[in-house]
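Notes follow once the structure below has been shown.
Only the coordinates and a few stated rules stand behind these numbers; no lab work does. The structure displayed is predicted, hence computed values, not measured ones.
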Amino acid sequence: MELAQQLRDKYQQDLDRIRRELSEMEVLLRQTHSEVEKLTQREVSIANRLRDLEVNLDKYSKADVKNFYTSAQEVQMRLLMMRGQQEQQQLRQQTLKQTQSQLFELVQALEQIMGETGSSSTGNGMGGADEESLDQIASIIQSQEKERLRISLQMHDGPAQSLSNLVLRAEICQRLLDRDVEQARAELSSLKSAINNTLQDTRRFIFDLRPMILDDLGLVPTLRRYVSQFGEKNNLEINLMVGGLDTRLPNHYEVTIYRFVQEALNNIAKHANATQARVNIDAVGNQLQIVIEDDGSGFSVSDVLNDQNVRHNMGISNMRQQIETLLRGEFGLESAIGRGTRVAAVVPLP
């Protein structure tokens, strides 16, 4: 009972902190959006002036031409940076909203445990069911922390390193402007290309982390895009089939199912040595059936389930928690050496 109280208090504090961060993030997003609009208008204005310059080049001095092109490049670079910042803020906002929802569910679950324990306790501590619930909550929290560590490492090795390199190259361009305009122009052109590549890499990272179209368009369009990109990236032929799912599901359903499919496909790419995979999602009656199969090398299910390290590396515990704990469904795993693998789930539709 005391442990549940401590956990509930801690996560309530985290929930309050995230609510404050969300409020601050909304203010930042409005400011960034306003800045992006201003820069976009300025870019259009400068583009019009450049077109006039190209038509009437003889009317302008070399200094004017240099100033026009320098201003255009500065505005374009600033606009690219602000748009990237806006996307990062939107990603942070979505992550905070998801964490807020998870913490809210944890607080509610702990309060329910405390209520049940308070009404049924005999002074000898919590029952087995309550201890099992706390174990599940602790396991979910541990998975969240591991995911945050993975994200922080990817951010450090990916976008953060690229942005540091861009800053250095921008400083080189700044020094070249006073010494060699042509070389500075060439370096700026190369820098623009590097910024665009970094922006595309960041967008792919954001999509893998939390695709925004999941909120805008829903589960099915998001999965179609993800499966297409994932298959192309990993040289894997993936067939996605969806049936009976004509309406949107609640947000936590769509996020959890997306993560479940993502984890299963990652396992196929990393461990299965497969060339083909099939993802089948079918709404039948009041249930949603999810099946992910591959033609890979397969494995001994009993050996994997008995080996904690292998089970962790394959994310099996995480997938089971997603289905059984978060969606109150049933999780199944079938495989045999040389016969591929079949991951299945059945969850009740809301």
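Worth a mention:
- Here's how it looks for Leu245: its modeled amide H is under 5 Å from those of Ala283, which are all 5 or more places away or on a different chain.
- Here the contact order of segment 213-348, divided by its residue count and restricted to Cα pairs under 8 Å and six or more residues apart, works out to 23 percent.
- ³J(HN,Hα), Karplus 6.51/-1.76/1.60, whole Hz, each residue of segment 10-24, x for Gly, Pro: 5, 6, 5, 5, 4, 5, 5, 5, 5, 4, 5, 4, 5, 4, 5
- Rounded to whole Hz, the Karplus (6.51, -1.76, 1.60) HN-Hα couplings of segment 44-52, x for glycine and proline: 5, 4, 5, 4, 5, 5, 5, 5, 5
- Amide H contacts for Leu288 (H built 1.01 Å from N in the peptide plane; partners 5 or more residues away or on another chain; cut-off under 5 Å): Val347, Leu349.
- Dimensions of segment 213-348 from C-alpha coordinates, computed as largest minus smallest value along each principal axis and given longest first, are 39, 32, 23 Å.
- Qualifying lysines (Cα of each under 26 Å from Cα of Lys97; at least 8 residues distant if same chain): Lys10, Lys146
- Whole-angstrom gap from segment 1-67 to segment 247-312, using each part's C-alpha centre: 37 Å
- Karplus-derived 3J(HN,Hα), 6.51/-1.76/1.60, for each residue of segment 77-90, Hz, glycine and proline x: 5, 4, 5, 4, 5, 5, 5, x, 5, 4, 5, 5, 5, 5
- 5 angstrom amide H check on Leu240, placed H, neighbours 5+ away: Val279
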